[in-house]
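A.B. asks: Before I ask anything, let me first share the structure, which is written out below as structure tokens.
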Amino acid sequence: MTHETAQKFLAELPGVRNDLPFSPVLLQKLFMQTGEGALASMHDIAETIAKDQGLTAKLLAMANSAFYGLQAQVTTVQRAATVLGLREIRNIVLAIGIRALGRKRPMPKEFDLDAYWRHQFRVACLSRDLARALNRQEGGGLDPDQLFTAGLLHDLGKLIVAMFRPEVAVEMLTLARTRHIPESLAENDYWGVDHGVVGALVLGSWDLPAEIVEPVNWHHAPELAPVSAREATLLALADALAHEAADPADPQALPAPGLAQSLGLSLEDVRPLAATVLADESVDQFVQNLV
């Protein structure tokens with residue numbers, strides 16, 4: 001496969017914004033309202049979401065799932081935002097949007113959507129936990145909620161390739177399994193670009209902030225990241241640890257020791273975080289509701 005083929009594919013990616021089940025303007029406004037220092041009220045955010053009745057219904061269903069363990073059912077977006085927090089509402093909206101996006105086209109049977117979503121949420125949870133651990137160790141500096149969102153989106157590029165180039169997705173997956181190498185390496189060998197770049201281009205076209213887009217972009221080459229290098233390294237570590245917890249022989253777990261060391265973390269100290277996330281049944285329940 002030539003690099004020219006990949007470049008042609010990359011040039012098509014901004015058009016993916018038209019495949020979202022709701023207006024990209026809604027997503028952009030939601031990020032502005034829930035960003036650091038935003039002054040929007042709960043009512044303002046509820047009003048933004050309520051303009052899409054289908055999204056509102058799905059959001060409330062997810063908010064009331066076992067993943068959040070609420071003591072009482074929430075029946076309005078404003079109440080859900082009050083109980084769960086603004087950024088959690090944003091994450092639910094993103095998950096709903098990307099899940100609906102994945103239903104737009106037939107997926108190759110080799111692409112396991114259920115496993116895909118379980119991994120996204122595990123990496124999201126682990127990214128948040130690692131950020132909190134580093135903040136305790138270093139006195140702050142990382143945004144756990146922002147990193148949860150980046151974790152939730154980190155493999156979006158895999159989904160996009162499976163949707164729009166299913167034959168390419170299958171060939172790259174076969175290459176990775178045959179050679180027993182990480183999928184990102186197989187992707188680079190196959191057409192010169194990995195799924196982090198693909199996902200970042202799509203997220204950029206949705207006008208998501210650089211604090212989320214850049215870690216996604218560089219999570220398989222954090223040492224090359226021009227900005228957000230520490231966040232990209234943490235996301236890469238969460239990804240590797242999640243793969244290792246699920247299957248210690250997975251080649252995608254190989255970078256974990258070096259990544260932990262570069263962050264000043266003990267691998268033995270952070271492995272239990274991954275084991276805890278893997279054993280958390282509420283993640284599976286959330287995914288079941290989503291899929």
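A.B. asks: When all C-alpha to C-alpha distances in segment 122-162 are sorted into bins of 5 Å, what percent of pairs does each bin hold, rounded to whole numbers?
C.D. replies: Cα pair-distance distribution for segment 122-162, in percent: 6, 28, 23, 17, 13, 6, 5, 2, 0.
A.B. asks: For segment 1-63, count all C-alpha to C-alpha pairs, find those more than 13 Å apart, and express that count as a whole percent of the total.
C.D. replies: Here the tail beyond 13 Å accounts for 71 percent of pairs.
A.B. asks: Using a Gaussian network model on the chain with a 10 Å cutoff between Cα atoms, which of Leu201, Leu70, Leu27 fluctuates the most?
C.D. replies: It is Leu70.
A.B. asks: Quick one: putting +1 on the C-beta of Lys and Arg, -1 on the C-beta of Asp and Glu, what dipole do you get for the chain around its Cα centre, in Debye to the nearest 20? Write down the numbers at each step before the final one.
C.D. replies: On the way: 24 positive and 36 negative charges, 168 e Å.
For this selection, approximately 800 debye.
A.B. asks: Compute the FRET efficiency between Ala279 and Val170 as 1/(1 + (r/R0)^6), taking r as their Cβ-Cβ distance and R0 = 35 Å, and round to the nearest 0.05. List each step's numbers first, then the result.
C.D. replies: On the way: r = 31 Å, r/R0 = 0.89.
With a Förster radius of 35 Å, E is 0.65.
A.B. asks: Another one. What Kirkwood hydrodynamic radius, in Å, does segment 46-92 give when the mean of 1/r is taken over all pairs of distinct Cα atoms and then inverted? Display every interim value, and only then the final one.
C.D. replies: Working: mean 1/r = 0.0956 Å⁻¹.
It works out to 10.5 Å.
A.B. asks: Then there's this: What whole-number volume per residue, in cubic angstrom, does the convex hull of the C-alpha atoms of segment 96-203 give?
C.D. replies: Values: hull volume 12.6 nm³, N = 108.
Considering the Cα atoms of segment 96-203, their hull volume per residue is 116 Å³.
A.B. asks: With a ≥ b ≥ c the root eigenvalues of the C-alpha gyration tensor of segment 117-268, is it rounded (a/c under 1.5), prolate (a/b larger than b/c) or oblate?
C.D. replies: Values: a/c = 1.93, a/b = 1.34, b/c = 1.44.
Oblate, because a/c is 1.5 or more while a/b does not exceed b/c.
A.B. asks: Turning to a different aspect of this structure: Over the alpha carbons of the chain, what is the largest minus smallest coordinate on each principal axis, giving the biggest first in Å?
C.D. replies: Taking max minus min along each principal axis of the Cα atoms, the chain gives 51, 43, 34 Å.
Rule-based calculations on the coordinates, nothing more; no lab input. The shown structure was predicted, so the numbers you read here are calculated from the model rather than taken from an experiment. When we count neighbours, we look across all protein chains shown, and the Cβ atoms used for this are built from the backbone with ideal geometry, even at glycine.
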